[in-house]
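Structure first, commentary second.
Where a number appears in this text, it was derived from the coordinates with a stated rule and is not lab data. In this text, all values refer to a predicted model and were calculated from it rather than measured experimentally. We place every Cβ from the backbone using ideal geometry, glycine too, and count neighbours over all the protein chains shown.
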Amino acid sequence: MKKRMIVSLLVISLLLLGLCGCDNTKAQGDGPEQVVGVEDPGKAVDNTPQKSSSKYQTTYGSKNFNNVKITVELFDRSNAPEGSTITDNKWTRYVNQEMNKVGITVDFIPVPRWDEVPKMQTMMASGTAPDLTLTYTYAHAEDYFNQGGVWELSEFIDGPDQALNMKAYLGESVMNIGRKPDKQLYGIVAKRATTAKSNLFIRKDWLDKLGLSLPQTTDELYNAIYQMVKNNPDSRTDAIGIHLYNMWNMKIAFSQIANDPMKAAVANGLTDRDDAYGDYYDKGNREFYRFMNKAYNEGLMHNEYYTLSEDNFKSYIVSGALGFFEYSVNGSVDVLRGSLLKTLQENEPDADIVSLPALKNVNDGKQYSAAYAAGGLINFCPLTASAEKVEACMTYLDWQCTTDGGFVLYHGFEGEHFNFDEKGVPVVKDSTYNSQDKDWIRTDIFLVGNQGYFATVDDFNACTAKEAPGYEQHVIDNYVNALTGTIVNDTTFTSPSTPDLITDIGIVRDEYTVQCITCPEAEFDATYDKYMAELEKVDVKTIIDERTAYFTEFYGK
């Protein structure tokens, strides 16, 4: 495989990361972080054990195991093409082809993607969780560790000859996300190729027909969605003005604390249920819900928006009924999410959906964008796994940090799935072929990188754009617009009380956010006050106090 994609800085990074020093910095960053690859594409770091070798050898190729079988969780989206299953396909076979070379066999355990938390809880409780279990909810992984149900991984990772590919690819700051304050390592966190999180999308063709410019403020947006419904330029009687599958960038346009890094860190957790922290702590969120309540009462939303599944939501986009929405970054043209704009244009050739830069904040007029933390999902090993299996699991993750591992799993094979361009960026040959051959599984089987294996954020943007032929500029604009203005990253700090309280807090959030949006306008403030009171009853203030103490110390205030 060609060697054009790798940066020379890795030679330095390997030296700097040799001992993998552990500074437990878990707060938001200043912006998107770059992802670096290993030194030699197609070849893992050579770390043949020496006399001073660590007890466990976890750099891929440094040890031959004695036919060890490990079980590894694999998210199942029920999207396997005909002739394949989620556990038996070209890529699971490729994994075992490469892992068998060092005496490891990988047995994949499918878990429905959208039921991963309850399924994980059931498996952990019954002692049947895979040797390598994963989740996006750090609080659960940390809670299992606190209860003594998860392996402490530092003895498998931190030695100067251990997991060298992993350390080089993930970097110290991402590795430390899975650490406790006392440096114990309870999980291996995936690194994001970009921290871009969410886009605001709008029907530009409708704006053009209405003589409206792209909205820059929440007032301009409200007028636009009102006009798209009440005076629909295509005379649609089923038009929906607004649907928020995500609420991150809409909320931040109303935030009163986005300009204060310490306060923003207190309010921003990692999961949807953590939104309750911001609802309670950020007084600007009340005005966001007031905006949504007004839209609902004016008939600008689906009457039962809260019952819509993701598939239902996407059906309104491709049928041309939806005027404005917030969705995952690049969701308008992302192949994985159904190439929504392309499908819409098959029915309405003149239709167009574009993303908006961050709206001006209602309080200070500045632009803020919500962004992911540097880490994605977290991999951990339940205590039901033997030490040998944990060693093999860490070796598997280390292999995924090589170009024969993660690069191939994500991009495929040169000449078949892509060719390198003059800048060394992999360019897709046939997106239709790729979508059926590998794209359906690539993001779930690649466990150490969210959104792909790339050298830089620019490489990610360029490569991703090439995966949507005809929509390249939409892709570039989406990723640029998703990181407009001041970036407010999610945080990965889990306060001590969070694992015990987060479920009840989430239940209150789910119930009352719907009530706040759907109640009569005259009852809005009383309903929102009730929401705050119910959050206090489930002790959200304890979490806020703990997070405030942590981030006050972190920011030196």
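Ranking TRP114, PHE75, PRO160 by Cα position along the charge dipole of segment 51-207, where only Lys, Arg, Asp and Glu carry charges on their C-beta atoms, puts PRO160 farthest toward the positive end. For segment 186-197, putting each phi into the Karplus relation 6.51 cos²θ - 1.76 cosθ + 1.60 with θ = phi - 60° gives couplings of 9, x, 9, 8, 6, 9, 7, 5, 8, 8, 4, 10 Hz, in residue order, rounded to whole numbers and with x for Gly and Pro. Centre-to-centre, using Cα atoms only, segment 488-530 and segment 163-222 are separated by 22 Å. Contact order, relative form, for the chain: 24 percent (alpha carbon pairs under 8 Å, 6 or more residues apart, mean separation divided by residue count).
Subtracting the Cα-Cα distance from 0.36 nm times the residue separation, let me have the gained length for GLU172 to ASP219 in nm, one decimal. Each step should come with its number before you reach the end.
Details: separation 47, 0.36 × 47 = 16.92 nm, distance 4.31 nm.
Once the chain is fully extended between GLU172 and ASP219, it gains 12.6 nm.
If the only charges are +1 at each Lys and Arg Cβ and -1 at each Asp and Glu Cβ, what is the size of the charge dipole of the chain around the Cα centre, to the nearest 20 debye? Write out the running numbers ahead of the final one.
Numbers: 51 positive and 79 negative charges, 185 e Å.
Computed about the Cα centre, the dipole is about 880 debye.
Fully extending the segment from GLU422 to ASP458 would add 11.5 nm, taking 0.36 nm per residue of separation and subtracting the current Cα-Cα distance. Arranged from fewest to most other beta-carbon atoms within 10 Å of their beta carbon, SER309, SER495, SER198 become SER309, SER495, SER198. Among GLN367, GLY485, VAL95, which residue has its Cα furthest toward the positive end of the charge dipole of the chain, with +1 on Lys/Arg Cβ and -1 on Asp/Glu Cβ? Projecting each Cα onto the dipole axis, the largest value belongs to VAL95.
3J(HN,Hα) along segment 120-126: 4, 4, 5, 5, 5, 5, 8 Hz, from the Karplus curve 6.51 cos²θ - 1.76 cosθ + 1.60 with θ = phi - 60°, whole Hz, x for Gly and Pro.
Run the numbers on segment 193-279 and let me know its relative contact order in percent, using alpha-carbon pairs under 8 Å that are six or more apart. Working shown, then result.
Details: 47 pairs, mean separation 17.8, N = 87.
Dividing the mean separation by the residue count of segment 193-279 yields 20 percent.
Ordered by residue, what ³J(HN,Hα) values in Hz, to whole numbers, does segment 63-74 give under the Karplus form 6.51 cos²θ - 1.76 cosθ + 1.60, where θ = phi - 60° and Gly and Pro are x? With coefficients 6.51, -1.76 and 1.60, one gets 8, 9, 7, 9, 6, 8, 9, 10, 9, 10, 5, 9 Hz.
Each of ILE252, ILE202 was scored by other Cβ atoms within 10 Å of its Cβ. Arranged with the fewest first, they read ILE202, ILE252. Rounded to the nearest 500, the helix-only mean residue ellipticity at 222 nm of the chain stands at -11500 deg cm²/dmol, with each DSSP H run of n ≥ 4 adding -39,500 (n - 2.57). Here's how it looks for VAL189: its modeled amide H is under 5 Å from those of GLY178, ASN379, which are all 5 or more places away or on a different chain.
Can you put THR137, THR59 in order, fewest other beta carbons within 10 Å first? Intermediate values should be presented prior to the final figure.
Details: THR137 22, THR59 27.
Least to most surrounded, the residues fall as THR137, THR59.
Cα centroids of segment 428-450 and segment 225-292: 31 Å apart. The residues neighbouring GLY241, those whose beta-carbon lies less than 9 Å from its own, together hold a net charge of 0 under the Lys/Arg +1, Asp/Glu -1 convention. Using 0.36 nm per residue and subtracting the Cα-Cα separation, the extra length available between SER309 and GLU82 on full extension is 79.3 nm.
Normalised by the number of residues in segment 241-332, the average gap of Cα pairs under 8 Å and 6 or more apart makes the relative contact order 48 percent.
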